[in-house]
1. If you check every pair at least six apart or on different chains, which have Cβ atoms under 7 Å apart with a residue in region 140-162 that is on the phi > 0 side of the Ramachandran plot first and a residue that is more than 14 Å from the ligand (Cβ to nearest atom) and at pLDDT 95 or above second?
2. Quick one: residue 139 ticks every box in (1) at pLDDT below 95; (2) surrounded by 21 or more Cβ atoms within 10 Å (Cβ to Cβ); (3) more than 25 Å from residue 209 (Cβ to Cβ) bar one, so which box is it?
3. Within region 424-480, count every residue that is in contact with a helix residue (DSSP H, G or I) (Cβ under 6 Å, 6 or more places away or on another chain), in a strand (DSSP E or B) and surrounded by fewer than 18 Cβ atoms within 10 Å (Cβ to Cβ).
4. Only residues that are on the phi < 0 side of the Ramachandran plot and in a loop (DSSP other than H, G, I, E, B): list them for region 366-422, please.
5. The conditions are (1) within 12 Å of the ligand (Cβ to nearest atom); (2) modelled with pLDDT of 95 or more; (3) over 28 Å from the mean Cα position of the chain (by Cα); (4) part of a helix (DSSP H, G or I), and residue 10 fails exactly one of them. Which is it?
6. Filter region 174-208 for residues that are without any contact (Cβ under 8 Å) to a residue 12 or more places away in the chain and within 11 Å of the ligand (Cβ to nearest atom); which is surrounded by the most Cβ atoms within 10 Å (Cβ to Cβ)?
7. Taking the condition free of Cβ contacts under 8 Å to residues at least 40 places away in the same chain and assigned to a strand (DSSP E or B), does residue 313 pass?
8. Check whether at least one residue in region 58-66 is over 27 Å from residue 34 (Cα atoms) and away from the ligand (no atom under 16 Å from the Cβ), and report yes or no.
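The values are calculated or read from the model by the stated rules, or taken from the named source; none is laboratory data. What you are looking at is a predicted structure, and each value in this text was computed from that prediction instead of being measured. Using ideal geometry, Cβ is built from the backbone for each residue, glycine included, and neighbour counts are taken over all protein chains shown.
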Ligand code: HXC
């Protein structure tokens, strides 16, 4: 064998060994927990044959606690570049088979490198987390490694889409990197996120709680809102990441890709003319409205299980990506509370940062009142949504379907928050409050008189607060036409260092 051939053989062998991470036994242990390895996850995530790995031979340089005798090529994270539907993305996937995927300084260096490359190239970065947290043997070096990642998450925020998959443990300060990214996917019964695990919780507070109850997917996707998508298994989670990206631009200077559709722009939906119940206190399902107006009834919902009184998600309309924000009369009558406000605000801000027009479908009786909400700062949280709509400069089209009362009317993309086009259905009621509430306060006003005056869209239309009262069946066409003529919209905010969003 020539020297060259021998060297090539060594390279092939070393690569093969690096691909095994912590070794066959650890891979089996990973599989026996029903989990995929880092490389298997990347193979599912990226277009076939598109992955180019970086830093495969990087090793840690820790010498504490005998670590100098255990070096594994790659050091617990697989990083690189590939494509999803032909578009470039940068990726890192922590490898639990190597020291439990714990974060060393060199692992951090690898992650930071792909993050830097992603920003330079203007392409999304996707991180698949499966880690025991800071590598304990490294002490402050591991913590510094986290700090470097967090700073990059912050600098990349609003520049490129950042997506996190949590496919195993994500504990301690490690949770803050996913929290700083735009969207987080979790897997039911397989992944968890918490600041401290059950044993520490027990010793500090005496509370006994399982990992799942403390920080499983069910908690973060439905109670805390920390995660946006709860997948049944890893495959579904990875498929979700691919689908999400299909609605997004590569970076903040680009537009999302256009998706060809055979669904006619001019399609009318007669069903919408009959969707609003005669009884104003009866609910209906806003999903039914959304699927009627978007291309091919295809709606990709974000935060489906959290704060269900407001619905947010992506769709295509006339082939173009839109962000939909809709009150859900079928849940708590569509009232805005703390969680609904936080959820919608973050979504609106994402859309604005990435040039995705916002379509708002309004049927909201107001903000939820009471001590629980006041003590939880509904004022500041409601203001977040107000702020998000008011600062957004992307095209904003608002359709009021039924109720639009009080502060909630203003918050939900009203004209004064610089919505571009506001439509209302004939069933719209745009007023300070509903008739019953109003006659309770104004003793000498009759309910019928109030209803006659305010419980319709025409007062708002007379004053130019809405552009038009439209037939519900034409909603799809009217929104798409508005988005078309708004495509060239340019709106600036006053010069400032940054805003002071009411956090
Ligand atoms: C070094 C670690 C490690 C860590 C796990 N391992 N966590 N090595 N540093 N943080 C190693 C284990 O020693 C073991 O090595 C292998 O990974 C697999 O771990 P197991 O415990 O056998 O796996 P499992 O039973 O599945 O339990 C997983 C786990 C548990 C729940 C994650 O390992 C665990 O509790 N780890 C510690 C979690 C933690 O408290 N981390 C610090 C959080 S604070 P061998 O050689 O036996 O295979 C933090 C601060 C960040 O991260 C601050 C940022 C600002």
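1. 158/252; 158/353
2. Only one criterion in (1) at pLDDT below 95; (2) surrounded by 21 or more Cβ atoms within 10 Å (Cβ to Cβ); (3) more than 25 Å from residue 209 (Cβ to Cβ) is unmet by residue 139, namely (2).
3. 1
4. Scanning region 366-422 gives 368, 369, 376, 392, 393, 394, 395, 412, 414, 419, 420.
5. Unmet condition: (1).
6. 200
7. For residue 313, the condition - free of Cβ contacts under 8 Å to residues at least 40 places away in the same chain and assigned to a strand (DSSP E or B) - is met.
8. There is at least one residue in region 58-66 that is over 27 Å from residue 34 (Cα atoms) and away from the ligand (no atom under 16 Å from the Cβ).
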